[in-house]
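Could you have a look at this structure, given as structure tokens, before my questions?
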Amino acid sequence: MSELTETEKEKAKKYYPLPALAEKARIQNMDAYFEKWKYSVENFEEFWAEEAKMIDWFTPYQKVWQPPQGEQDEFVGKWFVGGKLNVTYNCLDRWIEKGYGDETALIWMGEDDSVKKFTYKSLTDEVNKAANALKSLGVKKGDRVCLWLPMIENLAIVMLACARIGAIHSIVFGGFSAESVKDRIDDSECTILVVADEVRRAGKNRPMKDNLKGIIDTCDSIEHVAVIKLTGGDVYEYEKDVDFLALMEEQSTTCESEPMDAEDPLFILYTSGTTGKPKGVVHTTAGYLVFGVSTNYYVWDYSCLLDLKGDTPANRDVWYCTADIGWITGHTQIIYSPMALGAVTIMYEGVPTWPHGGRFWEICEKFGVTHFYTAPTAIRALMKLGDENVTKWNLEKLKMIGTVGEVCNWPEWKWYWDVVGKGSSGEKPIGRPIVDSYWQTETGSYMMVNLGAVTPMKPGSCTFPYLGINPVLLDEAGSKVETPNTQAYFAYDKPWPGLMRTVWGDHERFVNTYLAQFPGHYFTGDYAQIDDEGYYFILGRSDDVIKVSGHRLGSAEVEAAINSHPKVAESAVIPYPHPVKGSTIFAYITLMNDEDASDEMKKVIQKHVRSVAGPAVYPEIIMFATAVPKTRSGKIMRRILKAVAEQKDIGNTMTLANPEVVEGLITRRQMMGEIQF
Ligand code: PRX
């Protein structure tokens with residue numbers, strides 16, 4: 001066997017959390033974790049009943065879990081049957097009732113350095129005003145409300161207001177286009193759209209509401225457009241507009257929280273799949289909340305009002321998740337779970353690199369952040385800017401750091417460990433733990449994750465399952481793969497309370513996407529493998545989902561946006577390795593007339609896609625092609641397109657209907673030369 005290089009040796013090592021963290025931890029060592037995990041999967045109803053005690057119920061549930069009884073609740077069943085609760089009661093009122101009304105609940109910081117600290121009382125007042133404002137616009141329990149907003153405090157307030165009155169929010173990421181907002185509004189028939197006049201981004205005001213011109217008029221279900229005047233910019237007005245902040249000011253600060261059934265939907269969040277149409281992932285009230293609270297409680301182990309761990313309420317730990325609320329990470333890890341635990345949570349309006357590259361760490365110093373959670377793509381972007389952006393800030397309070405969204409690969413993992421984690425090297429490196437959390441929009445919260453205080457880490461591994469979760473590796477035929485270091489399909493063989501219940505309006509799609517391929521299992525769509533110590537490594541998507549900067553995009557959606565340009569005949573997109581984004585979009589485009597192929601045309605198409613699908617969807621690399629390789633059934637052979645793009649061996653082309661196109665693609669790719677970012 002060849003000798004391992006120094007880097008390979010370092011990569012293969014185990015890394016340990018600072019020992020002091022285990023002393024007061026809720027689970028104090030790995031034996032205790034393995035024991036609790038075994039108990040939790042063997043007695044999962046008892047286990048989840050224990051966890052459900054972290055929540056206050058208006059009416060106790062009668063049954064923890066009711067197994068599937070028909071097609072509508074296939075695999076997942078029903079959770080906490082008969083229970084009544086309200087998520088905002090758990091996030092706000094209960095802490096006021098326990099005497100913590102004047103403690104900090106949420107700290108919001110704007111791009112311009114302005115800070116708004118909300119106590120449980122002041123946040124409740126705002127949420128109630130927003131809830132009453134929504135009611136005055138006719139919003140009732142079960143109605144859908146679409147929020148298309150930047151990371152302003154009112155995003156948190158309005159989402160909580162929806163939950164307070166039992167309206168189902170559907171938040172659309174600010175980086176998506178107005179057309180994507182329309183698709184999502186139409187799909188779930190939202191009656192209200194809440195939107196800001198403009199967005200503040202990197203020191204400039206940029207259009208938001210104006211992008212909806214001509215589009216919002218075609219959304220038949222919309223009754224009111226609730227405008228949040230953020231910049232006061234001069235924007236297009238629409239007859240259904242309501243000045244939402246002015247309306248809020250007219251409202252009372254009292255609004256009882258609506259008792260919701262455990263299984264009532266809390267929100268819809270659209271996510272990309274393998275077809276052109278995004279899926280409206282539906283999460284319920286009780287299961288989602290119990291799962292979110294439980295995962296955060298044990299994984300991060302922070303002091304919070306639910307368990308102060310000897311801290312005073314005023315010097316509780318401080319939690320900062322850098323995600324956008326437009327993604328599931330923001331829903332679960334900025335708002336619902338930390339707030340229901342009574343943690344101090346931070347929400348920041350801006351980007352990590354403006355006005356300077358140390359913005360995250362500045363925020364950590366300023367608010368004494370103890371637990372910091374970000375994405376590998378952000379780590380890669382920051383690592384390029386130099387260590388002094390981190391080291392000049394006082395990060396003494398920091399206890400744990402974490403990542404989510406994609407694999408945290410060795411270079412960024414090591415940088416994070418050394419520079420932010422202040423980790424040591426040597427035989428047994430010790431430092432601030434890096435929590436590598438693997439989960440999905442669909443799963444509600446962490447599925448595979450290290451317990452920050454105790455789990456020895458391996459770079460790039462999300463380590464072991466969360467409590468109550470039983471992962472399985474399967475081959476094509478659905479048989480278990482138990483051999484270490486063997487790539488397999490990654491699934492779970494048991495439901496858990498936080499699993500999505502359905503795809504809004506298309507239950508069949510839910511079943512077909514997640515449950516049909518391996519009956520009796522939820523299939524993640526990812527490949528994974530274990531090593532010889534049972535550590536899990538996620539190997540990426542097995543389907544046509546592309547991750548750009550940790551954001552999930554469906555290739556079919558991107559292709560639909562490209563194909564909507566009148567000069568495009570056909571397109572095929574694949575992920576291409578990118579030093580900061582992890583992957584970027586590489587698009588093969590066949591024009592109606594190959595003679596139009598030019599650099600100018602590439603720019604035209606890029607601009608078109610941005611306007612149709614939004615800035616988050618950007619075909620960064622374009623290669624014109626006379627045709628793309630397809631199977632005889634007409635399916636694009638993305639494996640070959642990936643190999644051509646990365647100039648690797650293309651392997652077998654026997655199954656292609658048109659093998660002759662491959663040579664031409666290889667030549668065109670050679671002519672493009674090295675791709676610079
Ligand atoms: O491929 C996996 C990857 O992100 C997918 C889920 O994307 P999304 O629903 O947008 O949720 C992201 C935030 C929860 C997964 O199917 N993924 C997520 N976390 C990790 C990851 N891949 C490797 N390691 C992770 N920690």
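The values are calculated or read from the model by the stated rules, or taken from the named source; none is laboratory data. Quick caveat, the model's predicted, so the values are computed rather than measured. Here the Cβ is made from the backbone with ideal geometry for all residues, glycine too, and neighbour counts use every protein chain on show. Only protein heavy atoms, including side chains, enter the accessible area calculation; ligands, DNA and RNA are left aside. Shrake-Rupley method; radii C 1.70, N 1.55, O 1.52, S 1.80 Å.
Suppose we filter region 53-88 for residues that are assigned to a helix (DSSP H, G or I) and either in the same structural domain as I165 (by TED's automatic domain parsing) or open to solvent by less than 40 Å² (accessible area, probe 1.4 Å) (or both); how many remain? I'd like the intermediate steps shown before the answer.
Start the filter on region 53-88 by keeping residues that are assigned to a helix (DSSP H, G or I), which leaves 53-54, 71-73, 87-88.
If we keep only those that are either in the same structural domain as I165 (by TED's automatic domain parsing) or open to solvent by less than 40 Å² (accessible area, probe 1.4 Å) (or both) as well, we get 54, 73, 87-88.
Of the residues in that region, 4 qualify.
Which members of region 609-628 meet the condition of being open to solvent by 40 Å² or more (accessible area, probe 1.4 Å) and of a type outside the set (D, E, K, R)? If you could, list the steps in order and put the result at the bottom.
Within region 609-628, the first condition is being open to solvent by 40 Å² or more (accessible area, probe 1.4 Å), and the residues that meet it are 610-611, 615, 618, 620, 626.
Answer for region 609-628, where residues must be open to solvent by 40 Å² or more (accessible area, probe 1.4 Å) and of a type outside the set (D, E, K, R): S611, P615, Y618, T626.
Keeping to region 395-404, report how many residues are within 16 Å of the ligand (Cβ to nearest atom) and out of contact with any His (no Cβ under 7 Å at 6 or more places or on another chain).
Residues in region 395-404 being within 16 Å of the ligand (Cβ to nearest atom) and out of contact with any His (no Cβ under 7 Å at 6 or more places or on another chain): 4 in total.
Restricting attention to region 115-135, does a residue exist that is farther than 20 Å from L305 by Cα, part of a loop (DSSP other than H, G, I, E, B), open to solvent by 10 Å² or more (accessible area, probe 1.4 Å) and at pLDDT 95 or above?
no
Moving to a separate point now. With respect to V407, determine if the residue is within 14 Å of the ligand (Cβ to nearest atom), open to solvent by 20 Å² or more (accessible area, probe 1.4 Å) and either over 21 Å from the mean Cα position of the chain (by Cα) or aliphatic (A, V, I, L, M) (or both).
Yes: the conditions hold for V407.
Just need a number here: residues in region 158-194 that are part of a helix (DSSP H, G or I) and surrounded by fewer than 24 Cβ atoms within 10 Å (Cβ to Cβ).
Counting residues in region 158-194 that are part of a helix (DSSP H, G or I) and surrounded by fewer than 24 Cβ atoms within 10 Å (Cβ to Cβ) gives 8.
Can you tell me which residues in region 415-442 are within 16 Å of the ligand (Cβ to nearest atom), among the charged types (D, E, K, R) and in contact (Cβ under 8 Å) with a residue 40 or more places away in the chain?
Matches in region 415-442: E442 only.
Looking at (1) away from the ligand (no atom under 16 Å from the Cβ); (2) under 16 Å from M30 (Cα atoms), which one does K480 not meet, given that it meets all the others?
So K480 meets the others, but not (2).
So which residues in region 443-464 are open to solvent by 10 Å² or more (accessible area, probe 1.4 Å), within 14 Å of the ligand (Cβ to nearest atom) and either among the hydrophobic types (A, V, I, L, M, F, W, C) or closer than 29 Å to A49 by Cβ (or both), if there are any at all?
Of everything in region 443-464, just one residue is open to solvent by 10 Å² or more (accessible area, probe 1.4 Å), within 14 Å of the ligand (Cβ to nearest atom) and either among the hydrophobic types (A, V, I, L, M, F, W, C) or closer than 29 Å to A49 by Cβ (or both), namely F464.
Could you check region 309-394 for strands (runs of 3 or more DSSP E) lying wholly inside it with 3 or more residues that are within 16 Å of the ligand (Cβ to nearest atom) and outside the structural domain of A202 (by TED's automatic domain parsing)? Walk me through how you get there before you give the answer.
Numbers: elements: 318-321, 344-348, 371-374.
Output list reads 371-374.
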